[in-house]
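Working notes, beginning with the structure itself.
The values are calculated or read from the model by the stated rules, or taken from the named source; none is laboratory data. If you're wondering where the values come from, they're calculated on a predicted model, not measured in any experiment. Neighbour counts are summed over all protein chains in view; Cβ atoms, including those assigned to glycine, are modelled from backbone coordinates with ideal geometry. In case anyone asks, the SASA skips ligands and DNA or RNA and just uses the protein heavy atoms, side chains included. Shrake-Rupley method; radii C 1.70, N 1.55, O 1.52, S 1.80 Å.
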Amino acid sequence: MSLTLGQAVPNFTAEATSDQQVSLSDLKGKKVVLYFYPKDSTPGCTNQGGDFRDLYSDFQAANTLVFGISRDGLRSHENFKAKQSFPFELISDKDETLCKLFDVLKLKKMFGKEHLGIERSTFLIDEEGKLVQEWRKVKVPGHVQEVLEAAQATS
């Protein structure tokens with residue numbers, strides 16, 4: 001299943017850092033950024049998370065919540081979040097429910113072997129719970145600024 005722009009995102013509940021349960025239905029009235037990344041504590045993922053951290057107050061000013069999502073467990077997420085001083089929560093998607101909902105699992109090649117991995121992707125959901133923008137095959141430099149500008153432009 002793949003979501004299309006303008007479509008309401010089905011409600012989900014997922015475990016996140018800080019002993020939180022994140023339910024999309026509880027976030028109505030705020031914009032939500034969901035950014036999917038391959039793995040905690042890797043260079044690209046650390047840089048991307050750092051960019052969201054550095055612009056976090058701007059996202060807050062734009063009435064926008066930010067959540068990072070990967071298949072790593074909560075312990076790994078807690079360590080990554082603490083080490084990088086992320087002011088936002090990281091969602092653990094070990095069962096790949098959200099990865100499948102947003103269609104971010106792709107066949108990747110590493111060292112000549114193929115495996116299913118997360119394609120770095122970001123999604124912007126409006127205050128009503130509709131998908132208003134998506135970025136796939138994300139390149140980290142400049143990406144978070146582009147997401148922020150889209151959040152600021154979405155009212």
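Note on the stretch 13-155: along the principal axes its Cα atoms extend 45, 29, 27 Å, ordered by decreasing extent.
Note on THR13 and LYS108: their simple-model spin labels are 3.1 nm apart, each label 7 Å out from Cα toward Cβ.
Multiply the residue separation of SER25 and SER57 by 0.36 nm, subtract the distance between their alpha-carbon atoms, and state the gained length in nm to one decimal. Write down the numbers at each step before the final one.
Numbers: separation 32, 0.36 × 32 = 11.52 nm, distance 2.31 nm.
Extending this stretch completely gives an extra 9.2 nm.
About its Cα centre, how strong a charge dipole does the chain have in debye, to the nearest 20, once Lys and Arg get +1 and Asp and Glu get -1 at the Cβ?
Values: 20 positive and 22 negative charges, 119 e Å.
Its charge dipole is roughly 560 debye.
The 3J(HN,Hα) values that the Karplus relation (6.51, -1.76, 1.60; θ = phi - 60°) gives for the stretch 9-24 are, in residue order, 7, x, 4, 9, 10, 9, 7, 9, 4, 6, 6, 9, 10, 9, 10, 4 Hz. Gly and Pro appear as x.
Once C-alpha pairs closer than 8 Å and six or more residues apart are averaged by separation and normalised to the residue number of the stretch 1-87, the relative contact order reads 31 percent. Between the alpha-carbon centers of the stretch 121-154 and the stretch 1-78, tell me the distance in whole angstrom. Cα centroid of the stretch 121-154 versus Cα centroid of the stretch 1-78: 11 Å apart. Give the long-range amide H neighbours of ASP72: residues separated by 5 or more places, or on another chain, with amide H under 5 Å away, using H modelled in the peptide plane at 1.01 Å from N. The list, which skips near neighbours in sequence, is ASP40, ASP93.
State the answer as a single residue: which of LEU107, GLN48, PHE123 lies farthest towards the positive end of the charge dipole of the chain, with beta carbon charges of +1 for Lys and Arg and -1 for Asp and Glu, about the Cα centre. About the Cα centre, the residue reaching furthest to the positive side is LEU107. The relative contact order of the chain comes to 32 percent, based on Cα pairs under 8 Å that sit 6 or more residues apart.
With all protein chains kept in place, the per residue accessible area of the chain amounts to 51 square angstrom at a probe of 1.4 angstrom. Dimensions of the stretch 84-155 from C-alpha coordinates, computed as largest minus smallest value along each principal axis and given longest first, are 44, 27, 25 Å. Here the stretch 1-84 is treated with +1 on each Lys and Arg Cβ and -1 on each Asp and Glu Cβ, and its dipole about the Cα centre works out to around 80 debye. To put it simply, the accessible area of the stretch 107-155 at a 1.4 Å probe is 52 percent carbon and sulfur.
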